[in-house]
Amino acid sequence: MAFSDGARSIRNARVLRRVMQYARDFDALVIHHAEDPDLAAEGVMNEGEFASRLGLAGTPREAEAIMLDRDIRLVNLTGARYHAALVTTSLSLDIIAKAKADGLNVTCATSINHLALNENDIGDYRTFLKLAPPLRGKTSGVFLSRLGVRPHRRHRLGPQPARCRNQAAAVHEAEDGAIGLETMLSAGLRLVHSGEIPLGRLIAAMTIRPAEILRLPQGRLTVGAPADLIRFDPDEPFVVDPSKLHSRCKNTPFDEARMEGRVKLTLVAGEMVYEAE
């Protein structure tokens, strides 16, 4: 149904053009991680004033936008179906919007962590918020609002003490990535509880729309569709405890965050696979 190279970007435009041509012939989707690896280089967070204050190397928004713009031009050349796996900037959304206006078959996605957090949540060098692409600024205009888990802290410009230099080194050495599946619904419900989006829109974005893009029968309540369902209480409060997460990895950016919305029951193909205690 789709071709992708995961979290790696294809540098060679000719290679990606051929991928798109072959995918088009099979009416398959091309899913690409749009980030220029050379421009991103050693960046560990969003490039800007906050990165400078922390003494961390930054990744500019253009690293994403330049690669995405190239991809869209190849879509126009080949007529392929294209999905940008992770967009994080207003520059990228402008590119996608223009491509859609031009009639190209393109879609895009983001992560719940990029929706709910921004660069200020990194605070005291929190490595669990080192993502690729990085969390962007709260005024980037990409997403609805900042709904982070901890209050912002103001950092003074000036020389870094040794402790900060050591912490900065730890961020550079840490691997990219943070888990988000188990907290995805609850983090998304923050947008609902704040009145930013209606519940139906959130659910559609997490269910039927991805299924439509991948041309899968899941994600909808219709006769004959796979019975992949959840039952949840959108208002039940809880505190995120990493030790209780089912993932083998515990690096959640929502550690000890107070959230609302708990899944009570999960069905996969009609079989119960999870029930809350």
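The values are calculated or read from the model by the stated rules, or taken from the named source; none is laboratory data. Computed from a predicted model, the values in this text were never measured in an experiment. All Cβ positions, glycine included, derive from the backbone under ideal geometry; neighbour counts span all protein chains shown. These area figures cover heavy atoms from the full protein model, side chains too; ligands, DNA and RNA do not enter into them. Shrake-Rupley method; radii C 1.70, N 1.55, O 1.52, S 1.80 Å.
Observations on the model:
- Summed over the residues of segment 166-277 and divided among them, the accessible surface reaches 63 Å² per residue at a probe radius of 1.4 Å.
- Expressed as a whole percent, the accessible area of segment 206-277 that falls on carbon and sulfur atoms is 54 (1.4 Å probe).
- Where trypsin sites (Lys or Arg not before Pro) in DSSP loops with at most 13 other Cβ within 10 Å are excluded, longest remaining stretch of the chain: 12-152
- Accessible area of segment 13-131 belonging to carbon and sulfur atoms, whole % at 1.4 Å probe: 50 percent
- Relative contact order of segment 1-151, defined on C-alpha pairs under 8 angstrom at six or more residues apart (%): 22 percent
- Antiparallel content of DSSP bridges confined to the chain, in %, to 5: 50 percent
- Within segment 1-94, chymotrypsin sites (Phe, Trp or Tyr not before Pro) in DSSP loop having at most 10 other beta-carbon neighbours inside 10 Å: F26
- In the assembled protein chains, D38 presents an accessible area of approximately 100 Å² (probe radius 1.4 Å).
- Dividing the helix sum by the residues of the chain, where each DSSP H run of 4 or more adds -39500 (n - 2.57), gives a mean residue ellipticity at 222 nm of -10000 deg cm²/dmol.
- 10 Å binning of all Cα-Cα separations within the chain, expressed as whole percents from 0 upward: 6, 25, 32, 25, 10, 1, 0
- Values of log10 I(q)/I(0), in the order q = 0.13 Å⁻¹, for segment 44-87 under a Debye, Cα-only, solvent-free model: -0.41
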